[in-house]
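The values are calculated or read from the model by the stated rules, or taken from the named source; none is laboratory data. Quick caveat: nothing in here was measured; it's all calculated off a predicted structure. No Cβ is skipped: glycine too gets one built from the backbone with ideal geometry, and neighbour counts run over all protein chains shown.
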């Protein structure tokens with residue numbers, strides 16, 4: 001019985017929102033014609049609906065737009081940018097502090113290596129090997145670039161042209177990350 | 001189901017069709033604002049400040065807090081303009097930001113709701129200076145409705161405000177409040193029932209509200 005009443009109320013609510021099918025609408029009409037309680041319920045809902053439809057709109061205070069633009073200007077001001085720089089400096093200082101023990105260990109190892117001729121010889125040998133292989137890799141890259149230049153000069157020019165585009169893209173990406181990190185919205189909405 | 005109520009709904013539909021698209025001028029302002037033009041963003045603020053403020057006030061029930069919330073909604077919109085989809089309505093996008101922000105604020109405030117059995121609090125006008133009679137009536141109506149809205153939960157209130165003040169459909173409200181259409185229907189129906197019960201049970205409904213109910 002209670003469920004039936006709830007169902008009828010839902011139909012009445014939908015009728016008020018114009019969301020009933022024609023069949024449902026005629027069923028509601030019949031119900032209202034025969035049941036005085038339902039008719040009273042419907043009248044109360046309709047009066048509420050009318051009141052809400054006619055409710056006044058609150059106008060924004062006169063100064064609101066100016067206040068918003070001032071807040072926006074403040075948020076984008078150099079002072080705030082300076083705040084970001086200070087945060088960056090603090091971050092770098094923290095990293096340096098964390099790296100100090102590591103640097104101390106590396107220094108101790110270097111002193112130990114210098115004090116032993118065998119270890120020192122080994123370190124120099126490894127360094128020479130590393131530098132040699134880096135030079136070899138660089139030579140191969142230069143040779144490859146020369147071959148490409150001879151085979152198709154247009155392709156190599158296009159590749160050179162991509163460098164400023166990539167740099168611009170990285171700068172833009174950094175800017176958009178700053179905006180997005182600054183404030184997240186609850187819903188995308190759009 | 002009389003002819004009058006059908007006409008009311010027809011008028012609403014006509015208003016609604018204007019809500020689903022974004023005016024080309026508004027799109028120009030958005031594009032310019034995206035390029036850093038703050039004057040273009042100021043145009044957007046002037047155009048939509050009333051809508052955003054009204055939404056915030058109806059959900060938060062506090063004029064000072066509504067101002068803060070409206071300001072925050074515009075700032076968030078500016079900072080996230082890049083995410084706005086130009087194929088959708090800018091106003092809807094902006095109101096989505098505002099309504100979600102207001103609901104978050106209300107949740108943080110952890111408001112204690114009055115029981116619906118409690119009588120309505122008496123109306124108080126915000127100023128002591130005499131006002132013209134019609135201004136007083138509109139203010140009474142506005143505040144009287146607000147007293148009623150205060151007594152329903154925030155999620156219900158947001159649904160009612162988006163439905164009645166902005167004429168959004170169930171589907172649009174569901175998208176804005178990130179929930180399902182059936183949840184929105186349920187919230188709207190319960191909210192309307194609660195409001196009807198409040199109006200029906202109290203003997204202290206101000207005359208200004210009675211005028212609205214009778215004349216619409």
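Assorted remarks:
- Residue match in the range A:170-179 (condition: at pLDDT 80 or above and exposed (fewer than 11 other Cβ atoms within 10 Å of the Cβ)): yes
- Elements of type helices (runs of 4 or more DSSP H) contained in the range A:1-118, each with 3 or more residues being within 13 Å of chain B (Cβ to nearest Cβ) and at pLDDT 80 or above: A:2-16, A:22-34, A:36-53, A:64-75
- Condition met for residue B:194 (assigned to a helix (DSSP H, G or I) and at pLDDT 90 or above): yes
- Residue check for residue A:48: out of contact with any helix residue (DSSP H, G or I) (no Cβ under 6 Å at 6 or more places or on another chain) and without any contact (Cβ under 8 Å) to a residue 40 or more places away in the chain: no
- Scanning the range B:83-97 for residues that are more than 14 Å from residue B:27 (Cβ to Cβ) and surrounded by fewer than 19 Cβ atoms within 10 Å (Cβ to Cβ) yields a single hit, B:83.
- Residue satisfying all of: in the range B:170-197; more than 9 Å from chain A (Cβ to nearest Cβ) and in contact (Cβ under 8 Å) with a residue 40 or more places away in the chain; nearest to residue A:16 (Cα to Cα) among these: B:194
- Reported count of residues in the range B:22-37, each being part of a helix (DSSP H, G or I) and in contact with a helix residue (DSSP H, G or I) (Cβ under 7 Å, 6 or more places away or on another chain), is 6.
- Boolean, residue A:138 is at pLDDT 85 or above and under 30 Å from residue B:56 (Cβ atoms): no
- Identity of the residue in the range B:38-62, in contact with a helix residue (DSSP H, G or I) (Cβ under 8 Å, 6 or more places away or on another chain) and within 20 Å of residue B:107 (Cβ to Cβ), that ends up nearest to the other protein chains (Cβ to nearest Cβ): B:57
- Flag if residue A:123 is free of Cβ contacts under 8 Å to residues at least 12 places away in the same chain, more than 14 Å from every other protein chain (Cβ to nearest Cβ), assigned to a helix (DSSP H, G or I) and touching a helix residue (DSSP H, G or I) at 6+ places or on another chain (Cβ under 6 Å): yes
Here is a yes/no grid of residues against (1) at pLDDT 75 or above; (2) within 12 Å of chain A (Cβ to nearest Cβ):
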| residue | (1), (2) |
| --- | --- |
| B:106 | yes, no |
| B:116 | no, no |
| B:121 | no, no |
| B:132 | no, no |
| B:135 | yes, yes |
| B:143 | yes, yes |
| B:152 | yes, yes |
| B:159 | yes, yes |
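- Which numbered condition residue B:69 misses (of (1) under 16 Å from the mean Cα position of the chain (by Cα); (2) modelled with pLDDT under 95; (3) more than 9 Å from chain A (Cβ to nearest Cβ); (4) within 18 Å of residue B:92 (Cβ to Cβ)): (2)
- Residue in the range B:73-87 that is closer than 14 Å to residue B:22 by Cβ, within 7 Å of another protein chain (Cβ to nearest Cβ) and not in a helix (DSSP H, G or I) present: yes
- In the set (1) loosely packed, with under 11 Cβ neighbours inside 10 Å; (2) modelled with pLDDT of 80 or more; (3) more than 30 Å from residue B:38 (Cβ to Cβ), residue A:145 fails one condition alone, (1).
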